[in-house]
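Taking it in order: structure first as structure tokens, then the write-up.
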Amino acid sequence: MEFLFYTLLVSSLSTVAASQCPPTFQQNGTSCYKIMGILASWIEAKQYCNVMGADLAVIEDAGEEKFLEDELRKIHGAGNVGPENYWIDGADFMEKNVWRWMRNDGGSYFIKGYTNWAPGQPDDIGEHCLEIRYSFGIHWNNFNCFQKENFICEVSAELDGGNSIIG
Ligand SMILES: *[C@@H]1O[C@H](CO)[C@@H](O)[C@H](O)[C@H]1NC(C)=O
């Protein structure tokens, strides 16, 4: 009996230790994601992600975007009208029309290679933050950074978590 108890205890502990993501984040490949249903400006959204040890999501390939699209479709599915817009980490407020993944502490880098802009976006109308817009076919759009929107956080699935570069 005692043996069984300790066996169960040890196996549940090792399940916890093997988890690669912070609590309530979902893993896909080497990243953990959390779609947040809280309305926040872009900079507030980034702070929410930061206090959870994550950052706003950086989307660098189609597989990663597909995972998020599937998750957003679940939120909007079965007759639910889900939120329209979701902040991710891109912005062009450092340099007009030059889009960067902002990261933290000056670690920004250009958005090159994979992009998923909606047709005609980004439009040059003084909107400097990057969102995923559901009604644009779950494509990227530039929008007013001060708008309150839902947002998507991401952190590396590695156990040290936190501040490693994510993709
Ligand atoms: C990530 O999500 C996509 C889309 O849901 C899925 O096709 C893919 O298998 C997932 N990748 C991993 C490594 O789980």
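Coordinate-derived values only; no laboratory data. Since the structure is predicted, the reported quantities are computational estimates derived from the model, not experimental observations. Methodologically, a virtual Cβ is constructed for each residue, glycine included, from the backbone with ideal geometry; neighbour enumeration extends over all protein chains shown.
Miscellaneous remarks
- Of all residues in region 51-103 being within 18 Å of Ser156 (Cα to Cα) and surrounded by fewer than 14 Cβ atoms within 10 Å (Cβ to Cβ), the one that is farthest from the ligand (Cβ to nearest atom): Val51
- Residue, nearest to the chain's Cα centre (by Cα), within region 109-136, restricted to residues that are without any contact (Cβ under 8 Å) to a residue 24 or more places away in the chain, in a loop (DSSP other than H, G, I, E, B) and buried (at least 16 other Cβ atoms within 10 Å of the Cβ): Ile111
- A count restricted to region 111-132 and to residues that are of a type in the set (S, T, N, Q) and within 21 Å of Phe146 (Cβ to Cβ) stands at 1.
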